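Enquirer: Dumping the structure here so I can ask a few things about it.
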Amino acid sequence: MDHCYREVLACGNQLAMDEELPCCPEAEAALRALMRGNAQYLEHSRNPAELTDQLRLSTAHEGQRPYAVVVCCADSRVPPEHIFSAGIGDLFVIRNAGNVMTPSALASVEYAAVHLHVPLILVMGHRGCGAVMAALQKHREPGALGALIAQVSLGIGHVSNPRQAERNNLFHSLDALGESEVLRDLADRGRLAFAGAIYDVRSGAVELLRNDE
Ligand SMILES: [Zn+2]
C-alpha cells in the first residue's frame, strides 16, 4: 500500500507534465478529475457540475458511483462539491471538525471503498483550521469536542507552526487509513490509492501534498 500511497502523492506533481501513473490508473484518473474541477472552480467561481432532475432520477434508480472519497473539515468555507466542481453522485464526502479519522469516518471510507469501489481517497486539510488552532493553543474543550481536539493534538505533535501542524494533522489521518486491513488489502491489489491535500480558504486552490516534503 505504501507504494500506491507514495505514487499517488507523487502524481500531484506529475499532473502538469501529463505523465501516467502506473500503480493505480483509476485513482490517477480520479485525482486528475478532482484537480480539473478545482481549476474550473478557480476560473469561474461557481460550480458548473450537473445538478439536473434527470441526473437525480437516474442516480436514484441506478445507485451511486462516486469517483472519489473526500475526507475534509466541516468548516463551512470548505465545501468539497464546489471546490471540485462536482455534481450529484460524484463525491463520497466525509466531514468533521479537523478531518479526523474517527472510527465512524474510517467505517465510512471502508464502505465507499468496498461497496462502491471508489478508487481514490483524498484527505484534505485546510488553511486556518479552527480545530488545528484549538489543538495548537491547547484549548480545553468540554464534552465530545474535547475528545476530537485531543485527536488533533495527537496528530500535530509538538510543532508550533500552524502550517506544519495542518500538514501533520493531515498525514496523521492518512496514516490512520493505512491501519485499516480492509483498505490495505484493496491498495495492495492496486484497486485503491490515497492522497493528501491542503485547501487554501483565501485563494480556493487545492495543493496536493507529497509524502517526502
Ligand atoms: Zn477546519
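The values are calculated or read from the model by the stated rules, or taken from the named source; none is laboratory data. These numbers were taken from a predicted model, which means no experiment stands behind them. Neighbour counts run over all protein chains shown; Cβ positions are idealised from the backbone, glycine included.
Enquirer: Considering each residue of the range 146-165, count those that are of a type in the set (A, V, I, L, M) and surrounded by fewer than 15 Cβ atoms within 10 Å (Cβ to Cβ), and give that number. Let's see the steps before the verdict.
Expert: Taking the range 146-165 first, the residues of a type in the set (A, V, I, L, M) are 147-150, 152, 154, 156, 159, 165.
Applying the additional criterion that residues be surrounded by fewer than 15 Cβ atoms within 10 Å (Cβ to Cβ) yields 147, 150, 154, 159.
The total comes to 4.
Enquirer: For the range 77-93, give me each residue that is of a type in the set (A, V, I, L, M) and either in contact (Cβ under 8 Å) with a residue 40 or more places away in the chain or out of contact with any Cys (no Cβ under 8 Å at 6 or more places or on another chain) (or both). Write out each step before concluding.
Expert: So in the range 77-93, the residues of a type in the set (A, V, I, L, M) come out as 78, 83, 86, 88, 91, 93.
Once the filter is applied, which keeps residues that are of a type in the set (A, V, I, L, M) and either in contact (Cβ under 8 Å) with a residue 40 or more places away in the chain or out of contact with any Cys (no Cβ under 8 Å at 6 or more places or on another chain) (or both), the range 77-93 yields 78, 83, 86, 88, 91.
Enquirer: Another question about this same structure. One residue is enough: does the range 80-96 have a residue meeting the conditions polar (S, T, N, Q), touching a Ser or Thr at 6+ places or on another chain (Cβ under 7 Å) and either under 22 Å from residue 149 (Cβ atoms) or within 16 Å of the ligand (Cβ to nearest atom) (or both)? Break it down into steps so the answer makes sense when it comes.
Expert: Kept after step one, since they are polar (S, T, N, Q), are these residues of the range 80-96: 85, 96.
If we keep only those that are touching a Ser or Thr at 6+ places or on another chain (Cβ under 7 Å) as well, we get 96.
Keeping just the survivors that are either under 22 Å from residue 149 (Cβ atoms) or within 16 Å of the ligand (Cβ to nearest atom) (or both) gives 96.
The answer is yes; a qualifying residue exists.
Enquirer: All but one of (1) more than 16 Å from the ligand (Cβ to nearest atom); (2) among the hydroxyl-bearing types (Ser, Thr, Tyr); (3) at pLDDT 95 or above hold for residue 76; state the number of the condition that does not hold.
Expert: That leaves (1) as the condition not met.
Enquirer: Can you tell me which of (1) surrounded by 20 or more Cβ atoms within 10 Å (Cβ to Cβ); (2) over 24 Å from residue 33 (Cα atoms) is the one residue 192 doesn't meet?
Expert: Unmet for residue 192, out of (1) surrounded by 20 or more Cβ atoms within 10 Å (Cβ to Cβ); (2) over 24 Å from residue 33 (Cα atoms): (2).
Enquirer: Please verify whether residue 133 is within 16 Å of the ligand (Cβ to nearest atom), within 18 Å of the chain's Cα centre (by Cα) and either more than 30 Å from residue 61 (Cβ to Cβ) or not hydroxyl-bearing (Ser, Thr, Tyr) (or both), treating the condition exactly as stated. Break it down into steps so the answer makes sense when it comes.
Expert: Numbers: within 16 Å of the ligand (Cβ to nearest atom): yes; within 18 Å of the chain's Cα centre (by Cα): no; either more than 30 Å from residue 61 (Cβ to Cβ) or not hydroxyl-bearing (Ser, Thr, Tyr) (or both): yes.
So residue 133 does not fit the description; no.
Enquirer: Filter the range 105-127 for residues that are aliphatic (A, V, I, L, M) and within 16 Å of the ligand (Cβ to nearest atom); which is farthest from residue 34 (Cα to Cα)? Let's see the steps before the verdict.
Expert: Within the range 105-127, the first condition is being aliphatic (A, V, I, L, M), and the residues that meet it are 105-107, 109, 112-114, 116, 118, 120-124.
Then keep just the ones that are within 16 Å of the ligand (Cβ to nearest atom); that gives 105, 122-124.
Working: 105: 21, 122: 9, 123: 12, 124: 12 Å.
Only one residue tops the list, namely 105.
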